[in-house]
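The structure appears right after this line, and notes come after that.
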Amino acid sequence: ELKEIVFIIQSQSNSFHSKRAEDLKRDILKQAADLGKELPAVLLIHQINRHDGAWTILPLMRDLSVTYGGNSSWIFFCEEDTRIQVVKLLETLGRFDTSKEWFLGKALYDEESTIIHHYAFAENPTIFKFPDFSAGWALSIPLVNKLAKKLKSEPLKSDFTIDLKHEIALYIWQKGDGPHLTPVPEFCTDDANSYKVHHCATTFSSFLPLCGEPVKKEDVFVAVKTCRKFHGDRIPIVKQTWEREAALIEYYSDYADISIPTIDLGVPNTDRGHCGKTFAILERFLNQSSSTIPWLVVVDDDTLISISRLRKLLSCYDPNEPVFLGERYGYGLGTGGYSYITGGGGMVFSRIAVQKLLASKCRCYSMDAPDDMVLGMCFSGLGIPITHSPLFHQARPMDYPKDYLSHQIPVSFHKHWNIDPVKVYFTWLAPNTEDSLQGRKAGYNREDL
C-alpha cells in the first residue's frame, strides 16, 4: 500500500532548494490522490530536525524507527530533482518481501580506489556498490529498526562526512551488520524525456539550474589563493583555462609578483590551513571591492572552475540572503558538529553572508587553521545554513564514478595530481563543452579522464 511508504526528500533550507522540494512533495501527493489512495507521509529532511546533521540521515534513524517502525514498510529517500512515477515505484517495491532487510538503489562503484572514499577496497573497489541518491534509494523497515537499535547502543563517532552515499552504504553493511546494496534497474537517472525510461520508477534531469538571466560577469568577484612556490606551475594553468571567463579576478599570495599580478596580503604561507589568508580575503572583499558586487568566489590555485556555469547557477539564489554555497562536507555530525563547504571545489559567498560573518566575533583560532572548517563552524554558530551543490567537486573527475558524473553538468574540479589539468578543463568545464555534456561529441574522450 502507498501509505506504507514514507517519502523523505533530501531537502535544504535555502529558499531556492526548499521550494523545489515542496514542488516535489506536491507532485507525489497529487499522484497519490489521483490514484485514490490514502496519502503517504512525505517529509522534507531540513524540516524533520533542526539538528545540523540531519542531512547525513543516520542520526534520524532512531526517530524514523520510533515514528514509522510499526506501521510502514519502506523509507524511500530522494533528492529534490528526482522525479517519481508513484505507480511504478509501488510495483517495484512490491517485488520485495518487506519482512526482510533490504537496501535498494541504483548502484554506483569506484573504478579505482579514490581519496574521497579513503582508498577503500583498494584491492578491487568495483566490488563495493553504493546508491546514486539522484535515482532514489530505499530501506525496508526491518533494516531501519536494526540500524536504530545499533545506533542506540553504539552512537556514531565524531568523524568526517565526505561522500555520504558511500559512507551510508559502508555503515549499513559493516557497522549495522546489514545487507549490501541491491541494485534496482527501475531506479534510473535518465532524463524523463529519454526513450530509455519506459521501465523506470524514478528519473532525474541532468541540467544546470537557470532561473532567468545568468548573473552578470561583473557581479562575481573571484579570489584565487596561491603562494610563491606555485606561481610558476599553477597560475599559468588558470590563465590558460578559466581566467578569461572572470571579469573580476585577483590572485592573493605571500609574495607580490607583478607579472601575474599577485597581491601580498601580509599573511605568511603555511603548510597546513589557510584560515588567516581567507579571512584577509573576506575583509578585503568587504572593504575594498565595490559594494554593488553581490557574489564572492574563493578558489585554490589548483581549482578548475566554469565561471559561465556558475553564473547560471547563481541566478537561482537570492543575493539578499546569506548564502554560503559549494560542496558540503561534515565534521562530527553524529554528535553535534557542523557542516562546511570544502575549499578546493570553490566556496561561494553572498556579500550579506560575508557581512554577517565579519560582524560576528568568530575568527580563526590559529592562522594555519583549516579555513573551510572554521568558516563552517562560524556560519553554524550564526545559524546560517550551508547550501550544498553536487556540481562542485573537491577532487578530480577520475575520483568519481563515471555513471555519477554522466548526469551532471559540473561547475568545478580540484587537484592536478596525475592528470593534464588543461585537458580536464577543456573536456569537462569549458563553455563550448555544454553540448558534449548533453551526450554529443566532446573534443576529448571523457572516458580517459
Residues of the range 280-309 satisfying the condition of being open to solvent by 10 Å² or more (accessible area, probe 1.4 Å), assigned to a helix (DSSP H, G or I) and within 16 Å of VAL354 (Cβ to Cβ):
ALA280, GLU283, ARG284, LEU286, ASN287, GLN288
Could you check the range 174-199 and list, in sequence order, the residues that are in contact with a strand residue (DSSP E or B) (Cβ under 8 Å, 6 or more places away or on another chain) and more than 28 Å from VAL411 (Cα to Cα)?
GLY178, PRO179, HIS180, LEU181, THR182, PRO183, VAL184, GLU186
Which condition does SER315 not pass, out of (1) out of contact with any Lys or Arg (no Cβ under 9 Å at 6 or more places or on another chain); (2) buried (at least 19 other Cβ atoms within 10 Å of the Cβ), if it passes all the others?
(2)
Based on this model, can you work out whether PHE103 counts as under 25 Å from GLU167 (Cα atoms), surrounded by fewer than 18 Cβ atoms within 10 Å (Cβ to Cβ), modelled with pLDDT of 95 or more and out of contact with any Cys (no Cβ under 8 Å at 6 or more places or on another chain)?
no
From the list LEU108, LEU147, LEU90, which one is closer than 20 Å to ASP190 by Cα and open to solvent by less than 10 Å² (accessible area, probe 1.4 Å)?
LEU108
For residues in the range 352-401 being farther than 18 Å from LEU164 by Cα and touching a Pro at 6+ places or on another chain (Cβ under 6 Å), which is most open to solvent (accessible area, probe 1.4 Å)?
LYS356
Scope the range 51-66; condition within 14 Å of TYR171 (Cβ to Cβ) and touching a Pro at 6+ places or on another chain (Cβ under 7 Å); matching residues:
GLY53
Out of the residues in the range 331-348 meeting the condition of being in a helix (DSSP H, G or I) and closer than 30 Å to GLU154 by Cβ, tell me which one is most open to solvent (accessible area, probe 1.4 Å).
THR335
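To keep it simple, each residue is scored yes or no on (1) closer than 20 Å to VAL297 by Cβ; (2) modelled with pLDDT of 95 or more; (3) within 17 Å of the chain's Cα centre (by Cα).
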| residue | (1), (2), (3) |
| --- | --- |
| LYS361 | no, no, no |
| ASP372 | yes, yes, yes |
| SER389 | yes, yes, yes |
| HIS407 | no, no, yes |
| PRO410 | yes, yes, yes |
| HIS414 | yes, yes, yes |
| ILE419 | no, yes, no |
| ALA442 | no, no, no |
| ASP448 | no, no, no |
Just a yes or no: is a residue in the range 207-226 open to solvent by less than 30 Å² (accessible area, probe 1.4 Å), of a type outside the set (Lys, Arg) and at pLDDT below 95?
yes
Given the criteria open to solvent by 20 Å² or more (accessible area, probe 1.4 Å) and either closer than 20 Å to TRP55 by Cα or under 25 Å from the mean Cα position of the chain (by Cα) (or both), does LYS157 qualify?
yes
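Yes or no, residue by residue, for (1) at pLDDT below 95; (2) of a type in the set (Phe, Trp, Tyr); (3) in contact with a strand residue (DSSP E or B) (Cβ under 6 Å, 6 or more places away or on another chain):
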position: ILE235; (1), (2), (3): no, no, no
position: VAL238; (1), (2), (3): no, no, no
position: THR241; (1), (2), (3): no, no, no
position: ALA246; (1), (2), (3): no, no, yes
position: ILE258; (1), (2), (3): no, no, no
position: THR262; (1), (2), (3): no, no, yes
position: GLY273; (1), (2), (3): yes, no, no
position: GLY276; (1), (2), (3): no, no, no
position: ALA280; (1), (2), (3): no, no, no
Within the range 318-330, count every residue that is within 30 Å of ASP233 (Cα to Cα) and open to solvent by 10 Å² or more (accessible area, probe 1.4 Å).
3
Out of (1) farther than 29 Å from LYS157 by Cβ; (2) in a loop (DSSP other than H, G, I, E, B); (3) of a type in the set (Gly, Ala, Ser), the one ALA353 does not meet is (2)
Cross-chain or 6+ apart pairs with Cβ under 6 Å, the range 216-235 first and assigned to a loop (DSSP other than H, G, I, E, B), then of a type outside the set (Gly, Ala, Ser)
THR226/TYR251; THR226/ASP301; CYS227/ASP254; CYS227/ASN269; HIS231/ASP257; ARG234/ASP301; ARG234/ASP302
Any residue at all in the range 29-42 that is assigned to a helix (DSSP H, G or I) and under 25 Å from ALA148 (Cα atoms)?
no
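The values are calculated or read from the model by the stated rules, or taken from the named source; none is laboratory data. Not measured: the values here are computed from a predicted model. Cβ sites come from the backbone with ideal geometry, for glycine too, and all protein chains shown count toward neighbours. When the accessible area is computed, the model is the full protein with side chains, heavy atoms only, and any ligands, DNA or RNA have been set aside. Shrake-Rupley method; radii C 1.70, N 1.55, O 1.52, S 1.80 Å.
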